Amino acid sequence: MARVVVIGGGFGGLASAARLAKLGHEVTLLEANASLGGALGYVEKDGFRWDAGPTSTLLPAVIRDFFRKSGRAAEKEIDLVPVEPARQHRFDEDTVLDLPSGSRAAQLEAIDAALGAGEGGRWASYCDDFAEVWEALRKDYFERPYSREHASKETKALLDTKFTLHKLVEKEFKNKHLRTLALHQARFEGHEPRNVPAWVGMWSYIEQNFGSWTLPGGMGQLTGVLTERLRTRGVTVITEAEADDLVVDVVTNKVTAVRATIAEVETDLPADVVVVAIDPRRLPTLAKLVERTMPVIPPVVSHIGVVGDVPELPHEVVLHGDPTKEPTLILRTNGAAPDGAHAWTVLGRGQLAEDIVTSLQRRGIRVRDQVEVRVDRSPRDLVEDWNGSPQGVLWQGRGTVKNRIGTSTPVGGVYCAGAHAAPGGGLPSVGLSAALVAQLVGPA
Ligand SMILES: Cc1cc2nc3c(=O)[nH]c(=O)nc-3n(C[C@H](O)[C@H](O)[C@H](O)COP(=O)(O)OP(=O)(O)OC[C@H]3O[C@@H](n4cnc5c(N)ncnc54)[C@H](O)[C@@H]3O)c2cc1C
């Protein structure tokens, strides 16, 4: 049995801790904040409750696998339901697409209807081309710790490619709205498509085939369920405990402890294994390994409580603009509100030259005068509150996969999970990162 210290109590740290405890290790989790969850949690004010970060997830199999491998089946504890439509895309006043989730045929039909006959087929064939990409990457990168020695030729070529998502989309589509659709996910996650490798487009294939999923009542409830799982698995959780660095034996190059400030006292917590589920930049021992990367800047976020009559809207509405001139606004409607009111979150990406609710008003969702409660969070607030960016590493071209930290590190006993580690940000990848760590550490 190894003494494991997990640093960070976001989804990556919680999932790693539960998996390793189930494998028989003695696990302690350190969280700098007073509460667990990181970006996965709620913001509450005056009877309104909003998801602070994620409101849906792709690849529900990742969450189901986590539940199975750490104790009880997901169905016994949470109610994952499909989001339908995945989202509404408003390209301009006249062009609106309710994009179905989890069905190729339904997407084809909806796109034909919204963007013109034949465009649905073009989108379907674009997504089809990612089936093999996903198969290759799934086996060598997402579900097994990446190693050049074991990876297939296809995977290595994909991960090494200079071919960008931007180039692929320009080549594939003449229709400007299809281009916008194909680039949406990367842009929403804060990336410039010219710096994103083409294979990242596979998330469109994944959404088309496996759907988008949520928890009624908010994704934030996952934190409560995961916290309970840590309790039943006997994980020691220490909150308000900030890890300052790793202590490494210079002779063996193995980690021996985590240096942390707990209740304002510097303490060395002995460890045989450390799982770093935070931005590694925060730990001087690892910072030099990732000095060529940059964190993603999170979006501008405004949680609003709206009273009175509002238009009927799906789970998520994306208001696209010309990305060089206007911000993209993402409206998420799944918050919990008192009777007769609505808890919405508006996310802004791009140049916001005016108040985000005014921007929403100008772009056709006219609720500015009905906003009764409001919590604004700038990108800086988010990074400060969560002690780092929950969106992981910025794509900066083909070197990014190499420059980003992997599941294992050059320091013996130190593994990385979470949005800053392979395979990247977003709940599916973060959940998979915890499974990769568990594979490498193995049973006690
Ligand atoms: C606004 C927003 C919307 C999003 N929407 C979606 C979505 O709809 N779907 C989706 O799949 N993903 C979404 N994401 C991304 C997703 O939320 C994240 O990728 C994921 O939650 C990251 O989990 P994590 O554990 O890596 O990091 P975090 O959630 O950032 O957790 C890291 C934790 O580590 C703690 N910590 C940091 N430093 C230290 C230290 N030195 N010592 C101890 N503890 C420390 C922090 O306090 C924090 O609790 C969204 C993100 C944002 C910001």
Given the options P197, P193, P216, P145, name the one that is out of contact with any Phe, Trp or Tyr (no Cβ under 8 Å at 6 or more places or on another chain) and over 30 Å from G37 (Cβ atoms). P193
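If you scan segment 378-399, which residues turn out to be open to solvent by less than 30 Å² (accessible area, probe 1.4 Å) and either over 30 Å from L158 (Cα atoms) or modelled with pLDDT of 95 or more (or both)?
Of all residues in segment 378-399, those open to solvent by less than 30 Å² (accessible area, probe 1.4 Å) come to 382, 388-389, 392-393, 395, 397, 399.
Matches in segment 378-399: L382, G388, S389, G392, V393, W395.
Name every residue in segment 319-337 that is of a type in the set (V, I, T) and more than 28 Å from G218 (Cα to Cα), in order of residue number.
Let us first name the residues in segment 319-337 that are of a type in the set (V, I, T), namely 324, 328, 330, 333.
Passing the criteria: only T324.
I need a count of the residues in segment 206-228 that are in contact (Cβ under 8 Å) with a residue 60 or more places away in the chain, part of a helix (DSSP H, G or I) and within 16 Å of the ligand (Cβ to nearest atom).
First pass over segment 206-228, keeping only residues in contact (Cβ under 8 Å) with a residue 60 or more places away in the chain: 206-223, 225-227.
Filter once more, so that each one left must be part of a helix (DSSP H, G or I): 206-210, 221-223, 225-227.
Then drop every residue that is not within 16 Å of the ligand (Cβ to nearest atom), which leaves 206-207, 210, 221-223, 225-227.
Number of matching residues: 9.
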Subset tally (residues that are in a loop (DSSP other than H, G, I, E, B) and either within 12 Å of the ligand (Cβ to nearest atom) or not assigned by TED's automatic domain parsing to the domain that holds A17 (or both)) for segment 405-421: 4
Which of the residues spanning segment 1-30 are more than 12 Å from A438 (Cα to Cα), within 7 Å of the ligand (Cβ to nearest atom) and either part of a strand (DSSP E or B) or of a type outside the set (A, V, I, L, M, F, W, C) (or both)? I7, G8, G9, G10, L30
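Might you check whether a residue that is more than 12 Å from the ligand (Cβ to nearest atom) and in contact with a helix residue (DSSP H, G or I) (Cβ under 8 Å, 6 or more places away or on another chain) occurs anywhere in segment 381-393?
If we filter segment 381-393 for residues that are more than 12 Å from the ligand (Cβ to nearest atom), which is where we start, we get none.
No; the residues of segment 381-393 include none that is more than 12 Å from the ligand (Cβ to nearest atom) and in contact with a helix residue (DSSP H, G or I) (Cβ under 8 Å, 6 or more places away or on another chain).
Determine if segment 39-55 includes at least one residue that is among the aliphatic types (A, V, I, L, M), near the ligand (Cβ under 10 Å from one of its atoms) and open to solvent by 60 Å² or more (accessible area, probe 1.4 Å).
Step one: filter segment 39-55 for residues among the aliphatic types (A, V, I, L, M), giving 39-40, 43, 52.
Filter once more, so that each one left must be near the ligand (Cβ under 10 Å from one of its atoms): 39-40, 52.
Still in the running and open to solvent by 60 Å² or more (accessible area, probe 1.4 Å): none.
The answer is no, given that none of the residues of segment 39-55 is among the aliphatic types (A, V, I, L, M), near the ligand (Cβ under 10 Å from one of its atoms) and open to solvent by 60 Å² or more (accessible area, probe 1.4 Å).
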Could you count how many residues in segment 56-101 are within 23 Å of W134 (Cβ to Cβ), open to solvent by 60 Å² or more (accessible area, probe 1.4 Å) and in a loop (DSSP other than H, G, I, E, B)? 1
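The values are calculated or read from the model by the stated rules, or taken from the named source; none is laboratory data. Since the model is a prediction, treat every value here as computed from it, not as a measurement. For neighbour counting, all protein chains shown are included, and Cβ atoms are generated from backbone atoms with ideal geometry for every residue, glycine included. In case anyone asks, the SASA skips ligands and DNA or RNA and just uses the protein heavy atoms, side chains included. Shrake-Rupley method; radii C 1.70, N 1.55, O 1.52, S 1.80 Å.
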